[in-house]
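These notes are about the structure you will find just below.
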Amino acid sequence: MRKAIVIGAGIGGMTAANALQRTGWQVKVYEQAPEIGPVGAGVGIAPNAVKALDRLGLGEGLREHGRRQDALEIRTRSGRRLTRLPGTDIEDRYDAPFYALHRAELHHVLARRLNPDTLHTGHRATTITTDADTATVTFQTTAGTVSETADLVVAADGVNSHLRATLFPDYPGPTYAGYTVWRGLVPNSRSVPAILTETWGKGARFGIATLGGGQTYWFACENMTEHAKPEHGLDMLAQRFQHWHEPIPELIAATPEDTLLRHDVYYLHARLPSFVRGRVALLGDAAHAVTPDIGQGACLAIEDAVVLASAVDDSGVDEGLRVYDAARRPRTERMARFSGRLANLLQTSNRATIAIRDTISLAVPASLLTRAAGAAFAWTPRDHVGASQQT
Ligand SMILES: Cc1cc2nc3c(=O)[nH]c(=O)nc-3n(C[C@H](O)[C@H](O)[C@H](O)COP(=O)(O)OP(=O)(O)OC[C@H]3O[C@@H](n4cnc5c(N)ncnc54)[C@H](O)[C@@H]3O)c2cc1C
């Protein structure tokens, strides 16, 4: 039986493990964290990733735990609506809805379908070597150093990927995006409508999504130098967003301080020459971390997993890896360009640019915005999945 090792139990690694097991691989996932806890906040799963999860038979779990979004909206800080994409339009056009759910729930959906004894925590990958037919990874564990060899290694170890740095030593690594993001969760009544809203202000943004399980997820972005003002928490946010439309001040006030998450945002600015080295495939943020502006990082990682498993199943490992690289680099580079442009526009502090931005957005009918989002949402596994997996 062909053997694969996946490094990293994030959304990308866990989806890859599911996809490979489905096509008959013996898979082990190695994660550096000592255990998988209920980390993170919310995550938006756009139609492209919904279709990919459906292809892997994981859509049912998404529907069970996620909340289908009734609409996506952009607003000004006063609450004026700039654009609206109704959920029914999204579904009609892209053959799948837009969901939001807690990351831990998504992780649970991905973990529960894996074969027993697939996931191994407390294993930090420290070295990797690859030849024509295999790759070998060495891990640091509490019991000491262990090594494992496989026909295929999937490096899904995130934006700061150690394996990417080892395999591509000349690659410059992640770049700071110029802003920091806070995330919070607030309980809600289940009758709250699910309208994923992003509100644009001067050098700052606020997003709100209703998740499955009776929670509202919010995020706030603010331009800041790297590592600046670590003491900034809910008090600062309450002040910063006090004049923004409801429920923004209300949500900040209702958030327990100890649940607040804060991260500086990083992405991969430079292009990698390949997503493949020998028998190792880079996947997810390790290969193409994009800024979260188009909410597609996890969605693209899910797409990667479907394409990788399908390609090696259809064409064998070596040709399959070539097919994977050829399919995924152009797609993810396009999304990265789009996300970068959006970041510049959305995080601007320039009053003139804000005025132009908001005026243009007002003039853009929802159907046009639907077409722009289409670059991401329209992707379908059909074009990439070979005959063996077609239903
Ligand atoms: C604020 C914010 C909001 C976002 N919102 C969305 C959204 O709504 N929708 C969306 O699609 N995307 C979103 N994203 C992007 C998304 O979170 C990421 O793209 C996605 O989580 C990447 O998944 P991954 O599996 O590639 O990497 P990660 O989630 O980073 O997982 C990597 C895993 O590898 C492990 N690891 C690292 N090094 C090693 C090692 N040496 N050995 C073993 N294990 C290791 C880590 O512990 C981790 O568990 C958002 C990002 C941010 C910052």
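Key figures
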{"item": "All strands (runs of 3 or more DSSP E) inside the range 1-82 with 1 or more residues being within 15 Å of the ligand (Cβ to nearest atom), farther than 30 Å from E198 by Cβ and aromatic (F, W, Y)", "result": "26-30"}
{"item": "Some residue of the range 118-132 being out of contact with any His (no Cβ under 8 Å at 6 or more places or on another chain), at pLDDT below 95, surrounded by fewer than 16 Cβ atoms within 10 Å (Cβ to Cβ) and among the acidic types (D, E)", "result": "yes"}
{"item": "Single unsatisfied condition, T291 versus (1) touching a strand residue (DSSP E or B) at 6+ places or on another chain (Cβ under 7 Å); (2) surrounded by fewer than 22 Cβ atoms within 10 Å (Cβ to Cβ); (3) polar (S, T, N, Q)", "result": "(2)"}
{"item": "Of residues in the range 288-301 being near the ligand (Cβ under 8 Å from one of its atoms) and part of a helix (DSSP H, G or I), the one farthest from P174 (Cα to Cα)", "result": "C299"}
{"item": "Residue in the range 153-164 that is within 13 Å of the ligand (Cβ to nearest atom), touching a strand residue (DSSP E or B) at 6+ places or on another chain (Cβ under 7 Å) and of a type in the set (S, T, N, Q) present", "result": "yes"}
{"item": "Candidates H227, H245, filtered to the one that is part of a loop (DSSP other than H, G, I, E, B) and modelled with pLDDT under 95", "result": "H227"}
{"item": "Single condition D285 does not satisfy, out of (1) more than 30 Å from P381 (Cα to Cα); (2) touching a Ser or Thr at 6+ places or on another chain (Cβ under 9 Å); (3) within 9 Å of the ligand (Cβ to nearest atom); (4) not hydroxyl-bearing (S, T, Y)", "result": "(1)"}
{"item": "Members of the range 115-131 found to be assigned to a loop (DSSP other than H, G, I, E, B), within 10 Å of the ligand (Cβ to nearest atom) and at negative phi, listed by number", "result": "T121, H123"}
{"item": "Residues of the range 264-282 satisfying the condition of being farther than 15 Å from A155 by Cα and either within 8 Å of the ligand (Cβ to nearest atom) or among the hydrophobic types (A, V, I, L, M, F, W, C) (or both)", "result": "V265, L268, A270"}
{"item": "Verdict on T332 being at pLDDT below 60 and buried (at least 19 other Cβ atoms within 10 Å of the Cβ)", "result": "no"}
{"item": "Failed item in (1) modelled with pLDDT of 95 or more; (2) more than 21 Å from P292 (Cβ to Cβ); (3) surrounded by fewer than 23 Cβ atoms within 10 Å (Cβ to Cβ); (4) more than 13 Å from the ligand (Cβ to nearest atom), with P97 passing the rest", "result": "(2)"}
{"item": "Selection status of E148, more than 22 Å from the chain's Cα centre (by Cα), surrounded by 16 or more Cβ atoms within 10 Å (Cβ to Cβ) and in contact (Cβ under 8 Å) with a residue 24 or more places away in the chain", "result": "yes"}
{"item": "Single residue of E60, E73, E35 found to be among the charged types (D, E, K, R) and either touching an Asp or Glu at 6+ places or on another chain (Cβ under 6 Å) or within 30 Å of I248 (Cα to Cα) (or both)", "result": "E73"}
{"item": "Complete set of residues in the range 239-279 that are touching a residue at least 12 places away in the same chain (Cβ under 8 Å), more than 30 Å from A132 (Cα to Cα) and of a type in the set (S, T, N, Q)", "result": "T255, T259"}
{"item": "Where G203 falls short, out of the listed (1) more than 24 Å from the chain's Cα centre (by Cα); (2) modelled with pLDDT under 90", "result": "(1)"}
{"item": "Any chance D285 is modelled with pLDDT under 95, of a type outside the set (S, T, Y) and buried (at least 17 other Cβ atoms within 10 Å of the Cβ)", "result": "no"}
{"item": "Failed item in (1) away from the ligand (no atom under 12 Å from the Cβ); (2) outside any helix (DSSP H, G or I); (3) touching a Gly at 6+ places or on another chain (Cβ under 6 Å), with V109 passing the rest", "result": "(2)"}
{"item": "Total residues in the range 201-217, condition closer than 19 Å to T259 by Cα and touching a residue at least 40 places away in the same chain (Cβ under 8 Å)", "result": "9"}
{"item": "Search result, residues across the range 1-39 that are at pLDDT below 95 and either closer than 19 Å to R124 by Cβ or surrounded by 18 or more Cβ atoms within 10 Å (Cβ to Cβ) (or both)", "result": "P34, E35, I36, G37, V39"}
{"item": "Residue within the range 280-289 that is more than 16 Å from the chain's Cα centre (by Cα) and touching a residue at least 40 places away in the same chain (Cβ under 8 Å) present", "result": "yes"}
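Yes/no per residue for (1) in a strand (DSSP E or B); (2) under 30 Å from A125 (Cβ atoms):
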| position | (1), (2) |
| --- | --- |
| V153 | yes, yes |
| G158 | no, yes |
| L185 | yes, no |
| T197 | yes, no |
| I208 | yes, no |
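The values are calculated or read from the model by the stated rules, or taken from the named source; none is laboratory data. These numbers were taken from a predicted model, which means no experiment stands behind them. Every residue, glycine among them, receives a Cβ derived from its backbone with ideal geometry; neighbour counts consider all protein chains shown.
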